[in-house]
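The values are calculated or read from the model by the stated rules, or taken from the named source; none is laboratory data. Not measured: the values here are computed from a predicted model. Cβ placement follows ideal geometry from the backbone for every residue including glycine, while neighbour counts extend to all protein chains displayed.
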Amino acid sequence: MKQFLSVHDVPDLPGLVQEALWLKQNPYADENLGRHKTLGLLFFNASLRTRLSTQKAAENLGMKVMVMNVTTDSWGLEFEDGAIMNGNKAEHVKEAAAVVGQYCDIIGVRSFPSLTDREKDYQEQVIKQFVKYAGVPILSLESATRHPLQSFTDLITIEETKTVARPKVVLTWAPHVKALPQAVPNSFAEWMNAADVDFVITHPEGYALAPEFSGNARITHNQREAFEGADFIYAKNWSSYETYGQIINSDPAWMITQEKMGLTNQAKFMHCLPVRRNLVVEDAVLDSANSIVIQEAGNRVWAAQAVLKRMLQA
Ligand code: SN0
């Protein structure tokens, strides 16, 4: 694999899922593969799971890891072509990416969207400029429109916990106080559409995802109907794509409750985390035996390790 920006970079999805589950059983089988190789992890935004799980995955493969919080620890970066740099941006991404590429064999980048300029966000300006100028393979640690390591993790977690061959998987919007990116739901939809599952999306009016991501999923504004017979409930808030970046509804009736979980086929509850208790989902659901959010977060290591392994082998 030459890069990992989306599911489209994966040539053999079932094979990669099996690889991740195999690595979970054999974490040190490739401990020399990454010898003398360096992974750079650049964060323009906060991280807990992505940062620690990707670092651990790389170390399991014998790699060295350098981590930088770019926004606080480095120079302000300019991304506009032809910019007259007389403001507060000290360095252009053309140099910054190329320089980090001198020190690293693979570079991971996390950068959230502006949520103000839809066209620019959906063009993926930041991560694409790293691809263009770094000169080494790029790994997405969540970009403006996607979070592929999370979605891959979600797929392997569904694969290892499902009780029927082709489970019903429901992505449900949930309320929040902040305008959040569409990256997690976009990416989850993209991966579920590529997998062998019965996939349903439910959200209030005005929260439709970009059609390129929702694809052929069944979409309903009736959350209770969506929950009926579900094997997995995947909750996530996102801001509007249509009325870009806005919160147009924060109806608490969309919170995930035990009562609603009762409509499902004893569904497992999933969330990428961090999750706000009793806003997105009530305590009773998160604290129930059906919540697999911790197992899901644990699997971030094996997803990252399978991807890094393929990138090292490329
Ligand atoms: C991010 C998001 O994309 O929704 C990261 C998820 C992996 N989530 C948040 O920014 C949550 C922030 C909050 O204040 O709850």
What do you reckon, is residue 47 within 16 Å of the ligand (Cβ to nearest atom), crowded, with 19+ Cβ neighbours inside 10 Å and under 28 Å from residue 294 (Cβ atoms)? no
Kindly indicate the residue of segment 197-215 that is surrounded by fewer than 18 Cβ atoms within 10 Å (Cβ to Cβ) and of a type outside the set (Gly, Ala, Ser) and also farthest from the ligand (Cβ to nearest atom) among those meeting that condition. 198
Among 174, 165, 194, the single one that is touching a Lys or Arg at 6+ places or on another chain (Cβ under 8 Å) and either touching a residue at least 60 places away in the same chain (Cβ under 8 Å) or more than 12 Å from the ligand (Cβ to nearest atom) (or both) is 174
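Quick one: which strands (runs of 3 or more DSSP E) sit completely within segment 193-285 and have at least 1 residues that are under 19 Å from the mean Cα position of the chain (by Cα)? Break it down into steps so the answer makes sense when it comes.
On the way: elements: 198-202, 218-220, 232-236, 268-270.
Passing ranges, in order: 198-202, 232-236, 268-270.
Residue-by-condition table, conditions (1) in contact with a Gly (Cβ under 6 Å, 6 or more places away or on another chain); (2) within 26 Å of residue 9 (Cβ to Cβ); (3) in the same structural domain as residue 306 (by TED's automatic domain parsing):
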site	(1), (2), (3)
159	no, yes, no
171	no, yes, no
179	yes, no, no
208	no, yes, no
213	no, yes, no
225	no, no, no
Considering only segment 38-48, I want to know if a residue exists there that is more than 23 Å from the chain's Cα centre (by Cα) and modelled with pLDDT of 95 or more. no
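In segment 50-74, how many residues are of a type in the set (A, V, I, L, M) and in a helix (DSSP H, G or I)?
Within segment 50-74, residues that are of a type in the set (A, V, I, L, M) and in a helix (DSSP H, G or I) number 4.
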Residue 153 being within 13 Å of the ligand (Cβ to nearest atom), among the hydroxyl-bearing types (Ser, Thr, Tyr) and either on the phi > 0 side of the Ramachandran plot or in the same structural domain as residue 229 (by TED's automatic domain parsing) (or both): yes
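What number of residues within segment 236-281 are of a type in the set (Val, Ile, Thr) and under 17 Å from residue 296 (Cα atoms)? I'd like the intermediate steps shown before the answer.
Taking segment 236-281 as the starting set, the residues that turn out to be of a type in the set (Val, Ile, Thr) are 243, 247-248, 256-257, 264, 275, 280-281.
Filter once more, so that each one left must be under 17 Å from residue 296 (Cα atoms): 275, 281.
Total meeting the criteria: 2.
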Given the conditions (1) free of Cβ contacts under 8 Å to residues at least 24 places away in the same chain; (2) under 27 Å from residue 312 (Cβ atoms); (3) of a type in the set (S, T, N, Q), report the number of the one that residue 151 does not fulfil. (1)
Across segment 239-267, which residue is farthest from residue 284 (Cα to Cα) among those that are among the hydroxyl-bearing types (Ser, Thr, Tyr) and crowded, with 17+ Cβ neighbours inside 10 Å? 244
Residue 298 is checked against (1) under 26 Å from residue 139 (Cβ atoms); (2) among the small types (Gly, Ala, Ser); (3) touching a Phe, Trp or Tyr at 6+ places or on another chain (Cβ under 7 Å) and fails just one. What number does that condition carry? (3)
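How many residues are under 19 Å from residue 136 (Cβ atoms) and either in a helix (DSSP H, G or I) or assigned by TED's automatic domain parsing to the domain that holds residue 190 (or both) if we restrict to segment 7-49? Let's see the steps before the verdict.
Residues of segment 7-49 that are under 19 Å from residue 136 (Cβ atoms), as a first pass: 9, 33-44.
Restricting the remaining residues to those that are either in a helix (DSSP H, G or I) or assigned by TED's automatic domain parsing to the domain that holds residue 190 (or both) gives 9.
Of the residues in segment 7-49, 1 are under 19 Å from residue 136 (Cβ atoms) and either in a helix (DSSP H, G or I) or assigned by TED's automatic domain parsing to the domain that holds residue 190 (or both).
Looking at this structure, is residue 140 small (Gly, Ala, Ser), in contact (Cβ under 8 Å) with a residue 24 or more places away in the chain and closer than 23 Å to residue 59 by Cβ?
On the way: small (Gly, Ala, Ser): yes; in contact (Cβ under 8 Å) with a residue 24 or more places away in the chain: yes; closer than 23 Å to residue 59 by Cβ: yes.
Yes.
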Within segment 286-312, how many residues turn out to be surrounded by fewer than 22 Cβ atoms within 10 Å (Cβ to Cβ) and outside any helix (DSSP H, G or I)? 6
